[in-house]
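*Asks:* Could you have a look at this structure, given as structure tokens, before my questions?
The values are calculated or read from the model by the stated rules, or taken from the named source; none is laboratory data. These numbers were taken from a predicted model, which means no experiment stands behind them. Note: ideal-geometry Cβ built from the backbone for every residue, glycine included; neighbour counts use all protein chains shown. The area values use the complete protein model at the heavy-atom level, side chains included, leaving out ligands, DNA and RNA. Shrake-Rupley method; radii C 1.70, N 1.55, O 1.52, S 1.80 Å.
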Amino acid sequence: MVSSSIIFLLFVSVSFLLTITYYFWLFFFFFFFLQEIDGQSHRTNWDGYVDWKNSPAITKRHGGLLAASFVLVVEVLENLAYLANASNLVRYFSEYMHFSPTTSANSVTNFMGTAFLLALLGGFLSDAFFTTYYIYLISAVVEFLGLVVLTIQARSSSLKPPKCELGVPNAPCEKVHGAQAAMLFIGLYLVALGVGGIKGSLPPHGAEQFDEATPRGRKQRSTFFNYFVFCLSFGGLIAVTFVVWMEDNMGWQWGFGIATLAIFLSIPIFLAGSPFYRNKIPRGSPFTTISKVLIAALLNCRASRNTSIAINSMASSPSPTIPTGKEGGRNTNSKDIESIEIPSRSLSFLNRAVSDTPACGALECSVQQVEEVKIVMKLFPIFACTIMLNCCLAQLNTFSVQQAATMNTKLGSLKVPPASLPIFPVVFIMILAPVYDYFIIPFARRVTKTEMGISHLQRIGIGLFLSIVAMAVAALVEIKRKGVATDSGRVDSAKPLPITFFWIAFQYLFLGSADLFVLAGLLEFCFSEAPVSMRSLATSLSWASLAIGYYLSSVIVSIVNSVTGISKHKPWLSGGNLNHYHLERFYWLMCILSALNFMHYLFWATKYKYTSVRSGK
């Protein structure tokens, strides 16, 4: 029978999640409803959008901040379900599945990287075949099924390897294998597939609710992205405190169970907003357009002389501005873009794709398609420059946690688990997000006399600069930590050092601030700049940057150890004792790389020309 204490804890968990969900929805409903009274245009229907019944979306009924408020509440529960286990999964692998520390770390890295890379798949499917509405629902069900599998395995001892017998030298721990390993990875990568689909569909779904033809709509969309990161952080706050505590004290079946409950609750809440959503009509595969333009430009190099003359005259013409729905205070649809007859001079080699005598009839391209591909290609240098920041963020889940584990983690009589240390950047983001939206941005608008106040590229640049500061602070804190270890004679001791783990909070705070500026800025930048037919895919680049950053972090660590281990020297980052590492040197290296990356970013940011006059101001 189930004990009364377990029933009580289950009741408390469900009540806690329901209470959080209720008050968050209540807050966003009233906050957004008060701002929704005016700001609607006088059109009858939203061009290019339908409701959940596939009928034309109506301006006074669909879209707006009220619709987006459901997305924000869902994001709290979605990130709670994901981060509840990702932040502590390395312990589950090592202690319960009996992986080695290296295998455990690699398994977690592969899981997180795969989940974020799959956001590209979610974005692609949203743009090409389905709407963001249906992709979210499908992905949430997939993640729910994966969490159910993991919960069942964690609950049943017969589905896990037997416990290790401590003190028995000839009885090694049995690593998970066979059907048990298959069940583990099926559940894990079902979760990764679901998370990827959600990350690729939920942010653009919320952003699509706003009328970008009006300044009010663009400001509200900017607020949405800011609060999206806030809600993402709030879900993470619950995950790294309440859920991690449940995993450590009540068992992993509780951690997986709460995550399962959270993603299950998110589905009816998301569905409750169905009458208010407007859903963008898919316009076909963006990869098809990109591939066709690139291949056509390559094969049309030997175009006819007349076509070459026409293209040359086009290139010498003034560069046109591509309407994106923001100019002139009106809604721009595909017909406006199709009216462009002359390709711009930027990336002029792609103009060869526009030819009267194409190399192949199937490769005939319009000026609109060429200009859309140019816009996407111009996003890539900005996207690439954010990867280095995510390499730095990867240290929060690895070396920074190990640093804190050697320090005094007591807070009064409470001992804080190292896996809960991400609470520092999470709390700071939750404080900074409303301060940024209600104080910094209005002040910047008054000073600069512009609609945005701080442009997307300026916001990303601020975040990249803060990452340099964060790595410098991390190096200085590590120097102090090792100095305390030497002075106290505990270099080779397993006892906690007489220094509080709050010193680590400084690097967490700077990196948390950097994450807020870059993630929110990059999400909005990619969404607002990308062609309408490719917005979900472009927005997914923000998550792909995170995945590549995690993978690249592992590569950098391996290269550092290989280079510093030459000539019988001990590698900087190897061994079982962190006090013998040269972690401060590694942090200085990351600081230098971040500074070089920032200069690289400045080069591309100053050259970038916004596709809309308004967005660039």
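*Asks:* Lys and Arg at +1, Asp and Glu at -1: add these up for the other residues within a Cβ distance under 13 Å of Gly284 and post the number.
*Replies:* Numbers: positive: Lys280, Arg283, Lys292; negative: Asp127, Glu372.
Neighbourhood net charge equals +1.
*Asks:* What does the net charge come to around Gln180 if you take all other residues with beta carbon closer than 12 Å to its beta carbon, with K and R at +1 and D and E at -1?
*Replies:* Local net charge: +1.
*Asks:* Follow-up question, since we're still on this one. Cβ neighbours within 10 Å, averaged per peptide: list 140-151, 196-207, 47-58 in order, most packed at the top.
*Replies:* Details: 140-151: 22.0, 196-207: 29.1, 47-58: 15.8.
Answer by packing, highest mean first, reads 196-207, 140-151, 47-58.
*Asks:* What does the charge add up to near Val293, with Lys and Arg as +1, Asp and Glu as -1, over the other residues with Cβ less than 10 Å from its Cβ?
*Replies:* Working: positive: Lys292, Arg352, Lys374; negative: Glu371, Glu372.
Computed value for this residue: +1.
*Asks:* With the cut-off at 19 Å, tell me which of the pairs Lys60/Lys199; Lys163/Lys495; Lys482/Lys570; Lys374/Lys609; Lys53/Lys280; Lys199/Lys607 have Cα atoms farther apart than that.
*Replies:* Values: Lys60/Lys199 28 Å; Lys163/Lys495 26 Å; Lys482/Lys570 17 Å; Lys374/Lys609 12 Å; Lys53/Lys280 13 Å; Lys199/Lys607 30 Å.
Beyond 19 Å: Lys60/Lys199; Lys163/Lys495; Lys199/Lys607.
*Asks:* Also: Go ahead and collect, in residue order, the members of the range 578-595 whose backbone nitrogen is under 20 Å from a label point 7 Å along the Cα-Cβ direction of Thr486.
*Replies:* Of the residues in the range 578-595, 578-589 have backbone N under 20 Å from the label point off Thr486.
*Asks:* Keeping every protein chain in place, order Val563, Val71 by accessible area at 1.4 Å, biggest value first, i.e. largest first.
*Replies:* Details: Val563 90, Val71 0 Å².
Most to least solvent-accessible, the answer reads Val563, Val71.
*Asks:* So, one more: Would you give the gap between the C-alpha center of the range 448-508 and the C-alpha center of the range 255-304, rounded to a whole Å?
*Replies:* 36
*Asks:* Extension gain Phe439-Cys360, at 0.36 nm per residue separation less the Cα-Cα distance, in nm? Numbers along the way, then the final one.
*Replies:* Numbers: separation 79, 0.36 × 79 = 28.44 nm, distance 5.61 nm.
Answer, rounded to one decimal: 22.8 nm.
*Asks:* So if R0 is 30 Å, what FRET efficiency would Thr288 and Met599 give, r being the distance between their Cβ atoms, rounded to the nearest 0.05?
*Replies:* Details: r = 36 Å, r/R0 = 1.22.
The value I calculate is 0.25.
*Asks:* Once you keep just the Cα pairs under 8 angstrom separated by 6 or more residues, what percentage relative contact order results for the range 70-221? Provide the component values of the computation, followed by the final result.
*Replies:* On the way: 174 pairs, mean separation 52.3, N = 152.
In percent, rounded to a whole number, it is 34.
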